[in-house]
Amino acid sequence: MSSTTFPTEALRNCHNCGAPLALGVVVCAQCHALVHSEELVRITGSAKALEEQGDLVKSREAWQTALPLLPTDSTQAEWIRGHVYKLEIWAKNAPPAKPKYVWAKRLGPLAPIAILLAKSQALLLTLFKLKFLFSLVAFMAIYWQLFGAKFGIGFVLLILVHEMGHYIDIRRRGLPADMPIFLPGLGAYVRWQALGVTRQTRAEVSLAGPLAGLIGAIFCAAMWWYTRSGIWAALARSSAWLNILNLTPVWIFDGGQAANALSRVERVLVLIACLALWAYVQEWVFVIVAAGVVYRLFTQDLPPAGSPRVAGYFVGVMAALAMVAHLMPGKGFATQ
């Protein structure tokens, strides 16, 4: 039996083609993909944000950290060097920065509160962009008309929780993302820059939505347990049911991106878990998820290496959602 060994400097594999990467390389010799593409996306987002805030010095420093991660003769590196030079000139010619919040001193003991509110302004503007608000209101109006005020508003807020799970997970990784956009009658999505991001990261971002949906469903289940009000049980069951459906590994569902990081063996394990949960809780939504997994067993999109972490994440969230649905009264998608 023969075996293939790689030099000791080969520390990891290319996230794009799986070829071994030697220590210090910035480009895969086999597929020419950038080794540090995900880190470059993060740096770019941070540098642009600093530039928009007017902090040219820190923006220039951020751009400079990207240069060692690029081939010296690449177009990207040449552009960054030119941009760094421009930022240096702009920083030298920029007028001196005025001290912030000088006006707050006039407010005496209320100054700390005024400064806190001023610092929160950018965050509030981000959270309440008009596009986000208009789409949310339109989305809520439709479900209000379909299912009544209590269930309609609660259901839309649970969808918002799901989408914020994606948004928060993306932002905590230092990657750029927009606030959720709601498409009345269709669903919602979070737009973000996924170019150059590894399959595992995309999978974990996708599963962050169902995880947040699980937290929302558990909250509603706890409120039902405390109040015995049927509306809370309906919200818990519908949220759990919808998030299970969203794990179907096809098309635009979250499970589709998650399955991209799974090997064929890991997909089989997800299928077994799905069938076991269907047999236990008797919810037909698992038949849909299982059918999607069977389809993905035969698609030509297997990753160079699987991800036991993503497989465990997938099964864990799916099983917890199944338990919430099982503990709530009724079957299927419940509205009351």
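Couple of notes before you dig in:
- Among the residues here, residue 275 qualifies as modelled with pLDDT of 95 or more, of a type outside the set (Gly, Ala, Ser) and either closer than 20 Å to residue 197 by Cβ or assigned by TED's automatic domain parsing to the domain that holds residue 152 (or both).
- Total residues in region 1-40, condition small (Gly, Ala, Ser), modelled with pLDDT under 75 and surrounded by fewer than 11 Cβ atoms within 10 Å (Cβ to Cβ): 2
- Residue 286 meets each of the listed conditions (1) crowded, with 20+ Cβ neighbours inside 10 Å; (2) without any contact (Cβ under 8 Å) to a residue 60 or more places away in the chain; (3) under 30 Å from residue 35 (Cβ atoms) apart from (3).
- A single entry from 155, 139 fulfils the requirement of being surrounded by 20 or more Cβ atoms within 10 Å (Cβ to Cβ), in contact with a Leu (Cβ under 7 Å, 6 or more places away or on another chain) and outside the structural domain of residue 44 (by TED's automatic domain parsing): 155.
- Residue within region 53-64 that is at pLDDT 80 or above, of a type in the set (Phe, Trp, Tyr), closer than 21 Å to residue 176 by Cβ and assigned to a helix (DSSP H, G or I) present: yes
- Verdict on residue 252 being in the same structural domain as residue 159 (by TED's automatic domain parsing), within 20 Å of residue 204 (Cβ to Cβ) and in contact with a helix residue (DSSP H, G or I) (Cβ under 8 Å, 6 or more places away or on another chain): no
- Screening the candidates 240, 261 for the property of being assigned by TED's automatic domain parsing to the domain that holds residue 205, among the aliphatic types (A, V, I, L, M) and either in contact with a Pro (Cβ under 6 Å, 6 or more places away or on another chain) or not in a helix (DSSP H, G or I) (or both) yields one hit, 261.
- Residue within region 122-132 that is part of a helix (DSSP H, G or I), modelled with pLDDT of 85 or more and surrounded by 12 or more Cβ atoms within 10 Å (Cβ to Cβ) present: no
- Test result for residue 320, of a type in the set (A, V, I, L, M) and within 25 Å of the chain's Cα centre (by Cα): yes
- Filter result for residue 197 (farther than 14 Å from residue 328 by Cβ, at pLDDT below 95, in the same structural domain as residue 169 (by TED's automatic domain parsing) and surrounded by 24 or more Cβ atoms within 10 Å (Cβ to Cβ)): no
- First in region 185-204 and aromatic (Phe, Trp, Tyr), second anywhere and modelled with pLDDT of 80 or more and not in a strand (DSSP E or B), Cβ under 6 Å, 6 or more apart: 192/170
- Test: residue in region 73-92 that is at pLDDT 75 or above, surrounded by 13 or more Cβ atoms within 10 Å (Cβ to Cβ), closer than 27 Å to residue 170 by Cα and under 27 Å from the mean Cα position of the chain (by Cα): yes
- In region 305-335, the residues that are closer than 30 Å to residue 230 by Cβ, β-branched (Val, Ile, Thr) and in a helix (DSSP H, G or I): 317, 324
- Being in a helix (DSSP H, G or I), at pLDDT 80 or above and within 24 Å of the chain's Cα centre (by Cα) is a property that holds for residue 43.
- Near pairs, Cβ below 7 angstrom, 6+ apart or cross-chain, from region 137-149 (of a type in the set (Phe, Trp, Tyr)) to any residue that is in a helix (DSSP H, G or I) and surrounded by 13 or more Cβ atoms within 10 Å (Cβ to Cβ): 139/156; 143/152; 143/155; 143/156; 144/152; 144/153; 147/155
The values are calculated or read from the model by the stated rules, or taken from the named source; none is laboratory data. If you're wondering where the values come from, they're calculated on a predicted model, not measured in any experiment. All Cβ positions, even for glycine, are placed from backbone atoms using ideal geometry, and neighbour counts span all protein chains on display.
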